[in-house]
Structures are given as structure tokens and as C-alpha cells.
Amino acid sequence: MRAWGASNMRAAIAIALVAAACGPKATFRLSSDENNAYELGQALSKRKLPASPQPLNTAGEPRAFVLTAGSPKTIVAYSLASGNALWKTDADVQSRIVVGGDFIVTKEGEDIVARGQDNGAARWRVHLDHEFVGAAADQERVYVVTKSSDEAWLTAYDGGDGGKLWSDAAQGSLGAPAAQGGVVYQPFLAQWLAIVDGATGQQLTRLRNEDQQISVLRVTSQQAFYGSKKGLTVLDANSATVGAGASPFAKVKVPDQLERTAYGRDAYDPVQVSYTAADRSRIFLGSASGAAAGYAIHYFRFVLGFEADGTLKWAYSHPRVELVASEHTGQVIVGISSSGDLVALEPSTGAVRARKSLGTTAPVLGATFDADGWSPGEQSEAGDTVAALVSIALDRDARFDRVKELAVTALAKLPGPDVTGQLLAVLSDDRAPQHLKDTVVDLLVMRRDPGSLPVLTAQLGVHTDYIAGTEPEALAAIARAISGLADAPLDPGQVTAALAALQTHLDAATTASDELVHVIGAMSAIGGGAELPALGSHFLLYHSDDTLGGDASWQKAIVTALHTRGGPQERELLRQVAADPRTRPSLATLVQETLGE
Amino acid sequence: MKRMAIGALLAVLTGSAAAQKAKKKVPDRDISADVAAVYGADVEAAGKAVEQLGAIGTPAAHEALLDALAMGLTPSVAMLALQALALHPAPPDVLAIRRYAGHHDPATRSTAISSLALYPDPKARAAIVAGLHDPAGMVRTAAARAAAKGRVRDATESLIALLARGEESAAKALAQLADTELARTLADQLGKVPEATLALALGQILLRADFGPDQSKVEVVRAIAKIQDAAAVTALTDYIDSPVSQGKASRAEAEGIVDARLGGK
């Protein structure tokens with residue numbers, strides 16, 4: 001979604017003012033009544049909305065219209081209810097597919113083309129004299145927005161024969177429209193939402209937001225929302241009350257890692273006239289009234305479910321390829337992958353409610369759903385959030401590095417040794433980015449899950465072995481994680497095992513000094529005194545060593561461990577070592593300072 | 001020096017038998033000057049002192065060495081102390097030596113592992129086998145030699161793994177450890193390990209006077225004959241030239257193979 005700064009807004013208004021001074025009278029003007037509660041009520045009451053959520057098409061069948069790559073491209077009509085393709089037809093489609101009652105509409109070349117939903121055959125074709133901005137449809141009509149350099153038009157055509165019904169001009173830019181129950185929602189100059197009678201082209205009323213632009217529309221069979229990348233407002237009778245917060249406003253917490261997500265298509269972005277990558281990062285509100293019931297975010301291969309407070313609730317990771325299109329039917333979140341797989345997710349749990357193959361061979365470029373209210377009757381597969389988060393964390397695609405951080409952060413909040421094991425798997429992954437591993441290490445340290453100690457101990461079982469070709473994996477990180485368990489209620493048997501495992505690394509020739517620091521810290525953190533003989537022996541072995549004995553970090557770690565956790569014997573040991581003429585001078589000084597002598 | 005206080009402390013901290021024994025042993029002769037030198041700042045003097053203690057060889061000198069190792073020595077002094085200790089091996093040494101078998105300094109590790117060859121203690125043998133897995137080549141070489149010297153049969157599998165990586169020390173160690181069965185096992189490694197290294201191992205077996213009966217050597221000679229590498233001819237030639245082959249059927253077998261190989265050139 002593009003940013004719309006104040007300077008852009010002033011420029012647009014200035015252009016519109018010039019146009020207003022020169023051109024014929026336009027329907028969409030700068031000066032017009034707005035936020036009129038009575039007129040809004042009248043306008044909304046003109047809508048013919050179904051009693052329950054249902055598809056727009058006259059058959060009432062949930063459908064998806066899929067565009068696949070090729071030369072020419074192919075439109076595939078698919079019945080979600082039967083799980084079968086209805087028809088396929090080649091077409092030079094250069095827009096999104098717009099769904100009407102018994103027809104669909106696309107831009108093909110420089111024409112608007114309508115095709116029957118029964119067989120995909122072209123029904124009528126209208127040449128566009130100006131640049132295409134977007135289109136919408138209801139059961140009977142097609143609404144097309146075009147623009148020139150200084151003017152824009154909203155034009156209605158008969159869905160049956162393509163006859164031009166009316167055309168409204170605008171003193172400024174119009175965004176892509178939306179239609180619902182016989183009215184057209186028309187964004188104007190990024191700050192107004194005009195509501196137009198679809199039958200006559202008469203502007204019934206218009207709304208203006210006080211503090212945000214209007215560039216995003218989302219319409220279901222019963223509900224309409226308007227807003228921007230900042231959030232969506234429910235369009236209802238209270239929407240004319242500017243700034244009072246009368247209508248539910250949904251603004252969800254989007255994690256920083258999920259950049260570029262949006263509530264819908266940016267009506268003013270010319271790139272989004274067609275299916276784009278923007279369709280792969282969508283926010284779906286959990287209910288018609290906003291985000292109170294939680295929300296979900298489709299982000300390329302992944303769909304993440306959140307509680308209303310932003311807590312990650314569930315995750316779904318689509319195998320191998322991205323979901324290129326998605327929609328919330330009110331019952332499920334449905335997505336279609338680039339390889340032609342359809343998946344429907346339970347919004348509250350992420351459980352897979354349906355999984356089908358469209359049978360397409362060419363890559364899917366995008367899709368439009370006409371499936372409001374669709375609820376698959378199939379038995380659902382329980383969602384496996386841990387597996388999905390792990391899949392995200394271990395994904396090879398560098399584009400998702402930030403999402404991986406989100407995944408491991410969410411993963412770390414889940415309890416249990418299995419989760420710890422999965423986090424450790426990230427550390428063991430040679431191809432995982434370093435900053436992700438750093439994040440995992442921090443999370444492991446903060447995790448403080450006593451149940452994870454056996455998993456961490458097991459990970460310590462890997463040692464440097466020339467013949468086996470093994471190296472300890474993330475030794476320092478594991479040791480830090482164990483250190484994080486200081487003062488946690490731990491099973492004594494597990495502590496004994498952990499200490500024994502840590503000591504193998506304490507005594508190992510190949511444990512680097514920076515790792516030793518953390519191993520010593522871990523032993524000290526959980527040992528409860530049982531670690532002191534091993535640490536004392538280690539201290540003596542290296543106190544006069546030229547290399548390790550002179551390492552300042554090691555000195556501090558071992559002296560601190562013996563001094564803070566030890567008793568009189570350890571303090572006597574420290575004194576003896578400080579007095580030993582072979583002791584590294586810096587170590588002797590540190591010991592004396594630590595002992596206060 | 002507060003030797004006895006440190007010894008008592010070590011007994012608590014490390015469970016060192018040496019440290020505990022240090023409390024009750026009485027030296028046979030005055031070693032106090034050497035002991036003082038060991039704990040002094042002069043590394044060269046400390047080195048000479050541990051060598052002297054090893055040469056003295058009394059129980060008190062031996063325990064002084066153990067005590068010094070338990071207290072921690074710089075690598076250069078530790079290596080001399082380990083060698084001195086091994087001049088008069090005793091069971092309590094193993095614990096002290098094993099501690100240095102995991103030292104950060106590879107040379108110190110090598111020396112410790114070499115010393116362990118003199119101890120039949122299972123823990124000593126385990127440390128030798130562990131040394132074969134060490135990332136430092138010099139340590140693996142020392143461990144291979146120790147395995148051969150100490151007849152550590154448990155090391156066979158690791159040595160064969162090193163043989164597959166072309167390590168000569170492993171080939172020589174296996175040759176020293178080999179009986180008829182192990183020789184056959186090695187012969188079966190053809191195609192799995194570098195030919196030159198295998199030829200070296202089998203050739204070294206032939207040079208052993210204690211390996212037999214001669215029919216077993218004939219089998220080894222025939223195994224070498226299957227090796228295409230020129231090292232096979234070298235191994236057989238060395239055997240033919242060796243006094244141990246005099247008058248043996250295995251020598252005649254080897255000569256025939258060498259003649260055929262060289263004549264075929």
C-alpha cells in the first residue's frame with residue numbers, strides 16, 4: 001500500500017480544484033454534503049443484502065475464479081462446493097477477475113470483457129478509452145473506473161449485454177470501487193467514500209474520515225468496511241459520526257516482522273489492478289465487528305492466527321509454495337497456492353477444514369473468491385502450531401528471515417521439552433541465519449522452562465569426534481539456557497545428569513574458552529554445590545596455563561563460580577592459588593580482588 | 001608451601017587418591033628441594049625437578065609427582081612430569097594422567113595418552129581409545145602408538161576407521177595388534193581403505209616375528225598381492241629382505257608375486 005502524505009493530499013486537491021474550475025459539472029466534487037447521518041441511513045437501506053452470508057453468483061454456489069500463467073493465461077472456474085473445475089478458458093487477462101451474478105469481468109487488452117459463469121464464453125466486450133483503475137460488480141451490473149491525466153470516471157454497464165447505463169465524472173482521482181447489493185462504494189481523492197446508486201449513478205451520500213484516508217474497501221455479502229492500512233471501520237448507520245468512534249474500528253496488532261501486510265487492496269495503487277505479491281499478505285478480521293474475536297494474517301506461505309491482544313494463537317505453514325490468494329468467508333480462511341492447491345483453515349484454531357487440488361498445471365497467478373459463508377463439510381485436520389512454527393523457522397527462503405524471528409519467538413512462549421528441542425534444532429541448522437540463531441539463544445535463556453533440562457542435557461551429548469565427524473552443537477547457547485534455570489525447581493536426578501554432561505565439556509580439550517565461560521556458569525547456576533569439586537579441579541589444572549589461564553573471561557567465570565557458590569574450602573583454594581608463584585599474574589590479582597584481600 | 005593443606009583441599013575437590021595418599025607417605029630421601037622447585041615460578045627448574053623426582057623413583061618422589069600434577073602444572077612441566085611418573089607406573093597414577101589426557105594443549109594430551117599405555121586399567125584404555133577420536137593429528141598418532149604398545153584391543157574399530165582415512169599411525173598400530181583374525185579383517189578392507197595404507201599395515205604384520213603360523217603370513221602375502229598400489233611391492237620386498245622371512249614359505253610366495261609384478265612392467 002502506498003503512503004499518502006499530507007503533501008500528496010494537498011497536490012491532489014489542488015489538481016481537483018483546477019479541474020473544478022475548468023471542466024463540466026461532475027458527480028464527484030470537492031464541495032458536497034458529507035457525513036450526513038440521514039442520507040447515509042437512506043443509502044444503506046437501499047442495499048439488497050441477503051439474510052445470511054452467501055456467494056454473489058446467481059447459483060449461490062461458492063466458487064473461485066483462478067488465473068493461471070501462460071501465453072495466453074487461463075481462467076479456471078472452480079466450484080468449492082463440489083471440488084470440481086467448472087470450466088477453463090484462455091484469456092489475455094490483465095486485471096483481477098471481478099465476479100457478478102452470472103458473469104465475470106476482466107480487463108483483456110484494452111477491453112473490458114464479460115464472460116458467462118456457466119461456460120466461460122465471452123458475453124460482451126467494451127473498449128476502454130482511458131486507463132483502467134478497477135472494477136466491481138453486483139448481480140446485474142459492472143462498475144468500471146477509468147482515468148485520464150486530469151479526470152476520472154465511474155461507468156456502469158449492464159452485466160447481461162454490456163450496455164452502458166451511466167457514467168459519473170470526478171474532479172480528481174477515483175480508486176478502485178466495490179459493489180454491494182445495488183450500491184457502489186467509490187473512493188474519491190483518498191479522503192472520501194462516495195456511496196452511489198448502482199442503478200442510476202446518483203451519489204446517495206459520502207463519508208469522510210477525520211483522521212485517516214480511505215483507500216481500502218472490504219465487502220462481504222452482508223458487511224462493508226472502509227479504511228486504510230491503519231485499520232478498517234465498519235460501514236453502518238453510525239459511520240457519519242466523524243471522530244466519535246461510533247462505528248466499530250478495527251486496528252489489529254501486526255507484528256513488525258510481517259511488514260507490508262494490509263487489510264485489503266489499495267484502491268489507488270495502479271499495480272494492484274492485477275494480482276500481485278500484495279495479495280499474499282492480508283489481514284483478516286475474525287468477525288464482522290472487528291478484531292474482538294481475534295484475527296488472522298496471511299503472509300505468503302504462512303497463515304497466522306492471533307488473539308485480539310496480538311498473542312499468536314495458531315500457525316499454518318503451507319508446504320513448499322506460497323498462497324497467492326486468500327479470503328475469509330466468515331466460516332473459513334480459504335487460500336490457493338501457486339501450485340493450485342486449495343486449503344481452508346478454521347479461523348479460530350488453524351485446523352485444516354478442507355484441502356483440495358484444483359488440478360491446474362500452470363502456476364496460479366491469483367484468484368478471486370465468491371464464497372461468502374462457505375463452510376466445508378469435511379472433517380478437519382487438527383492444526384499443529386508447533387510444527388508450523390518450526391517449519392517457518394527452518395524455511396530456506398531468506399525473504400522470510402523476519403517471519404522466522406516471529407515464529408521462534410512464538411515458539412519459545414509455548415511450554416514443554418519438545419518445543420525446546422525444536423528451538424535447538426534451529427541452532428543446529430547450518431543454513432539458519434545467524435541473527436535468527438542469536439534470537440533463539442536469547443529466547444532459550446529467557447524461556448526458563450524446567451521441563452526442558454533433559455532436552456538441553458541430551459543436546460550436550462554431542463562432542464568433538466574426528467572419526468564420527470561431530471562437533472558440539474550450540475554448546476554456549478545450551479549452557480546459557482541451562483544457566484537460565486538457576487533457582488528454578490529442578491528434578492535432582494536431572495540436575496545430576498546435566499552436571500555430568502556439562503562436566504564432559506568442562507574437561508574436554510576442545511571446549512573453547514568462550515564456551516567454557518558459559519559451561520562454568522551453567523554448572524554454577526544449577527549445581528547447588530555439587531559442581532564445586534569439578535570446577536576446583538579445572539581451576540587448578542589451568543591456573544598456571546599460559547593460554548586459558550590468562551583468559552580474562554575464563555578467569556572471571558571460574559573465580560566467580562568458586563567464590564559465590566563455594567564455602568570455606570573453595571575460598572582457601574582461591575587463596576592458595578593466588579599465593580602460588582606460578583599462577584598467571586592477572587588471575588592472582590583477580591582472586592585477591594574477589595576475596596577482598 | 002602449604003603442601004599438606006593443599007593436599008587436603010585436593011582430596012575434597014578432586015577425590016584424588018594421590019592427594020589423599022600424600023598425607024601419610026614419608027619420603028625415603030630428602031626431595032624437598034625438588035618439590036620446592038616444582039612449585040616455583042622457574043619453569044626450567046621445575047622441569048628438571050620433576051625429571052629428578054622421576055629418576056629417584058621412591059614412593060615419596062612418585063607421590064610428589066602425583067601431587068604436583070594434581071595441583072596443576074604448566075604444559076611443558078606437566079609433560080615431563082607425566083613421563084617421569086610413567087617410569088614407575090602405579091595404579092593410582094591413572095586418575096592424574098587422565099586429567100591431562102583432556103588438556104587443552106595437544107602436546108600435553110599426547111604425552112598423557114602415551115603414558116597411559118603402561119597402565120592396564122580399563123579407564124586408561126578408554127582414554128587411549130578416546131584419543132584416537134581427537135581432532136589433533138599428533139594426539140591421534142600418540143593414541144595409536146599407545147594402543148599398540150598397551151595392546152588395547154578395544155581400539156581396533158577406531159584404528160580401522162583411521163586406517164580408512166589413510167593414517168599411517170593407525171596402520172602400524174593395527175599391525176602390532178593383529179592376530180590371524182584381525183589380519184584377515186584388515187585384508188577384507190581392500191577397496192574400503194587407501195591401498196597404500198593397507199599395504200603398510202599388512203606389510204608391518206609380515207615383519208613381526210611373533211605373528212604366525214607361517215600359513216597366516218602366506219594369507220597376508222596373498223592379501224597384499226591383491227593391492228594394486230606400488231606400496232604392495234614395497235611391503236613384500238621389505239618382507240623378503242627381512243630376517244624374519246628367512247626360509248619361510250610365505251617368503252617364497254612373496255618373491256613369486258614381486259617377480260610377477262616387476263616382470264610385468
Can you tell me the relative contact order of chain A? Whole percent, Cα pairs under 8 Å, sequence separation 6 or more. 9 percent
Select from A:His328, A:Val99, A:Phe306 the residue farthest towards the positive end of the dipole of chain A; place +1 on Cβ of Lys and Arg, -1 on Cβ of Asp and Glu, and compute about the Cα centre. A:Val99
Between 0 and 90°, nearest 10: helix B:214-225 axis offset from chain B longest Cα axis: 80 degrees
Please report how far the C-alpha centroid of the stretch A:60-108 lies from that of the stretch B:219-247, rounded to the nearest whole angstrom. 80 Å
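Where does the charge balance sit around A:Gly175 when Lys and Arg score +1, Asp and Glu -1, over other residues with C-beta under 11 Å from its C-beta? Mind dumping the intermediate values first?
Working: positive: A:Lys147, A:Arg265; negative: A:Asp266, A:Asp269.
Every neighbour counted, the sum reads 0.
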Cβ-defined net charge surrounding A:Val254, 10 Å radius [Lys, Arg +1; Asp, Glu -1]: +2
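Net charge within 14 Å of B:Ala254 by Cβ-Cβ distance, Lys/Arg positive one each and Asp/Glu negative one each, not counting B:Ala254 itself?
The answer is -1.
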Distribution of pairwise C-alpha distances over chain A, 10 Å bins, in %: 3, 15, 21, 18, 12, 9, 9, 7, 4, 1, 0
Restricting attention to the stretch A:28-57, which trypsin sites (Lys or Arg not before Pro) occupy a DSSP loop and are surrounded by at most 13 other Cβ atoms within 10 Å? A:Lys48
GNM of chain B, Cα pairs under 10 angstrom: of B:Val221, B:Val244, B:Val129, the biggest fluctuation goes to B:Val244
I need the Debye-formula profile for chain B: one equal scatterer per C-alpha, no solvent, reported as log10 I(q)/I(0) at q = 0.11, 0.14, 0.15, 0.17 1/Å, two decimals. -0.68, -0.88, -0.95, -1.10
GluC sites (Glu not before Pro) within the stretch A:109-185: which are DSSP loop residues with at most 13 other Cβ atoms inside 10 Å? A:Glu110
Residue-averaged [θ]222 nm for chain A, counting only DSSP H segments that reach four residues, each worth -39500 (n - 2.57): -8500 deg cm²/dmol
Give me A:His538, B:His104 ranked fewest to most by other Cβ atoms within 10 Å of their Cβ, as a rough exposure proxy. B:His104, A:His538
Taking each residue in B:233-246, count the Cβ atoms of any other chain within 10 Å of its Cβ, then average. What number comes out? 0
For chain B, whose charge dipole is built from +1 on Lys and Arg Cβ atoms and -1 on Asp and Glu Cβ atoms, the candidate among B:Ala171, B:Thr108, B:Ala41 with its Cα farthest towards the positive end is B:Ala41
Based on the alpha-carbon gyration tensor of the stretch A:50-109 and its eigenvalue square roots a ≥ b ≥ c, which shape applies: rounded if a/c is under 1.5, prolate if not and a/b is larger than b/c, or oblate? oblate
Show that you can apply the helix-only estimate: for chain B, add -39,500 (n - 2.57) for every DSSP H stretch of four or more residues, divide by all residues, and state [θ] at 222 nm to the nearest 500. -20500 deg cm²/dmol
I need the phi-derived Karplus couplings for the stretch B:86-93: 6.51 cos²θ - 1.76 cosθ + 1.60, θ = phi - 60°, integer Hz, Gly and Pro marked x. 6, 5, 9, x, 9, x, x, 5
Cα gyration tensor category, rounded, prolate or oblate, for the stretch B:178-265 with a/c compared to 1.5: oblate
Any idea what the dipole of the stretch B:178-265 comes to, in debye rounded to 20, about its Cα centre with Lys/Arg Cβ at +1 and Asp/Glu Cβ at -1? 160 debye
Length-normalised contact order of the stretch B:178-265, Cα under 8 Å, at least 6 apart, in percent, tallies to 29 percent
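Mind giving me the FRET efficiency for B:Asp259 and B:Ala90? R0 is 56 Å, r the Cβ-Cβ distance, nearest 0.05 is fine.
The calculated FRET efficiency here is 0.55.
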Listed with the fewest Cβ neighbours within 10 Å leading, B:Asp154, A:Asp197, A:Asp256 appear as A:Asp256, B:Asp154, A:Asp197
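Taking the Cα centre of chain A as the origin, how large is its charge dipole in debye, to the nearest 20, when only Lys and Arg (+1) and Asp and Glu (-1) carry charge on their Cβ atoms?
Taking the Cα centre of chain A as origin, the dipole is about 1380 debye.
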Of B:Ser110, A:Ser380, how do they rank once you tally other Cβ atoms within 10 Å and put the fewest first? A:Ser380, B:Ser110
Among the listed pairs B:Lys192/B:Lys226; A:Lys73/A:Lys356; A:Lys48/A:Lys164; A:Lys147/A:Lys253; A:Lys313/A:Lys404; A:Lys253/A:Lys404, give every one whose C-alpha distance is greater than 24 Å. A:Lys147/A:Lys253
Loop-resident trypsin sites (Lys or Arg not before Pro) in the stretch A:302-369 with no more than 16 other Cβ atoms inside 10 Å, DSSP not H/G/I/E/B, are A:Arg320
State the Cα centre-to-centre distance between the stretch A:123-194 and the stretch B:72-91 in whole Å. 94 Å
Please compute the contact order of the stretch A:388-595 in relative form: average sequence separation of alpha-carbon pairs under 8 Å and at least six residues apart, divided by the residue count, as a percent. 14 percent
Based on the Cβ-Cβ distance from B:Arg153 to A:Asp546, what FRET efficiency comes out when R0 is 35 Å, to the nearest 0.05? 0.40
Could you work out how far helix B:59-71 tilts from the main Cα principal axis of chain B, as a 0 to 90 degree angle to the nearest 10? 90 degrees
To test your reading of the geometry: what angle, between 0 and 90 degrees and rounded to tens, separates the Cα axis of helix A:417-428 from the longest principal axis of chain A? 90 degrees
Please work out the FRET efficiency for the pair A:Thr276 and A:Ser428, using the Cβ-Cβ distance as r and a Förster radius of 51 Å; give the result to the nearest 0.05. 0.90
By average Cβ neighbour count within 10 Å, what is the ranking of A:183-191, A:435-443 from highest down? A:183-191, A:435-443
Along the stretch A:294-309, what does the Karplus equation 6.51 cos²θ - 1.76 cosθ + 1.60 (θ = phi - 60°) give for ³J(HN,Hα), rounded to whole Hz, x for Gly and Pro? x, 7, 9, 10, 8, 9, 6, 7, 10, 10, 10, x, 10, 6, 4, 7
Non-local amide H neighbours of A:Ala179 (under 5 Å, H modeled in plane, Pro and chain starts lacking H): which ones? A:Ala137, A:Tyr185
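Laboratory data are not the source of any read-out in this text; all were calculated from the coordinates shown. Keep in mind the model is a prediction, meaning the values are calculated, not measured. All Cβ positions, glycine included, derive from the backbone under ideal geometry; neighbour counts span all protein chains shown.
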